[in-house]
């Protein structure tokens, strides 16, 4: 992390104005923003004032400390924003982000291996690697802890929306993602890409599938500190966020592989953030015909495509759902990376991305098949031996 030295340049009154405003009765009307500091000494000073302030007032809910990026998230009014010392502070919006899935419908349980898991040739790799001991942090809506197909696969997680409670899924999206990555119930239920990997649910998204960037930053922080090998990010937004980029870069520099979905707008030259950042593996979606799914964003920013249309996976209350989206494609890639890491521990994020790109299968129906292709686990395992 970058440390800026120098004398503190923020005066105490400016800090207190921000803190008082954030905890006042008017705060709900103010927009949540992320405040970062040009000088590390100012960050330390804000931290000190906040800890003193928090002891007097219930400032814990309104003000979120983001130590991973040396920042705070808090409500800031437009007036305060205009008056803030711009040369000392970077203030940006703390926008809401949505999960990347579209229509879903209840599905009857299909025993065995879903089509996407077979398509990427994961079952052919299981005699060599099953993802054993690889930890995948799933920043999402939580997980259904009682699902019979996931009981063997769930590791310790965190609920960032309600600290002290388990990250129970009240939406379904997170459970679906976890199933594709690591479901392990071959006799009676479904099996995921890496059945011996462990998924660690990080609940940053509410029952509507919506989260603040600051909660995602806290989720990335937890994943890095808790020793995750991979972070699955099946969500995105249209706008760039320096705070999210800093968190993703810190994870990348710590050797954590970040897999992110490209978005479901059918765009040809643009993808969502954080997938657009080069420190992630950006994933687009294909269908059963091995063509790019119509809803998937595509183009030069995509690193790899994977099955994302009509994907059957685990759902709430032990059920199953069929979903489509680049979210679903991303969980296939996270599972594939888990298989690769269990086989060859110690590969860096840069090396893993290179292996994936070297091992892709050309897509059907694309004019430039060499640029990008579909995930293929067996080719990945062969490519890493070369």
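Read-outs throughout are calculated quantities, based only on the coordinates presented, and are distinct from any laboratory measurement. Here the structure is a predicted model, which is why all the values come from computation and not from measurement. In this analysis, Cβ positions are derived from the backbone assuming ideal geometry, glycine residues included, and neighbour counts consider all displayed protein chains.
Our Cα-only numbers for the stretch 153-239 put the radius of gyration and Dmax at 13.2, 44 Å.
Fewest neighbouring Cβ atoms within 10 Å first, the residues 120, 257 line up as 120, 257.
For the chain, DSSP calls about 55 percent of its internal beta bridges antiparallel.
Could you state the angle between the C-alpha long axis of helix 173-182 and the longest principal axis of the C-alpha atoms of the chain, as a value from 0 to 90 degrees rounded to the nearest 10? For helix 173-182, the angle is close to 50 degrees. Each residue in 375, 361 was given a count of other beta-carbon atoms within 10 angstrom of its own, and listing them fewest first yields 361, 375. Ranking of 205, 295, 46 by neighbouring Cβ atoms within 10 Å, starting from the fewest: 295, 46, 205.
Derived value for the stretch 74-128: Kirkwood hydrodynamic radius 17.2 Å. Basis is the mean of 1/r over every pair of different alpha-carbon atoms. Overall shape of the stretch 84-231 was characterised from the C-alpha gyration tensor. The equivalent ellipsoid obtained from it has semi-axes of 31, 17, 14 Å, in decreasing order. In the stretch 201-272, one over the average inverse separation of all distinct C-alpha pairs is 12.9 Å, which is the Kirkwood hydrodynamic radius. Mind checking the log10 I(q)/I(0) for the chain at q = 0.06, 0.08, 0.11 Å⁻¹? Debye, one equal scatterer per Cα, no solvent, two decimals. Normalising to I(0) and taking log10 leaves -0.23, -0.41, -0.74.
Compute the whole-percent fraction of alpha carbon pairs in the stretch 170-209 spaced more than 12 Å apart. More than 12 Å apart: 59 percent of the Cα pairs in the stretch 170-209.
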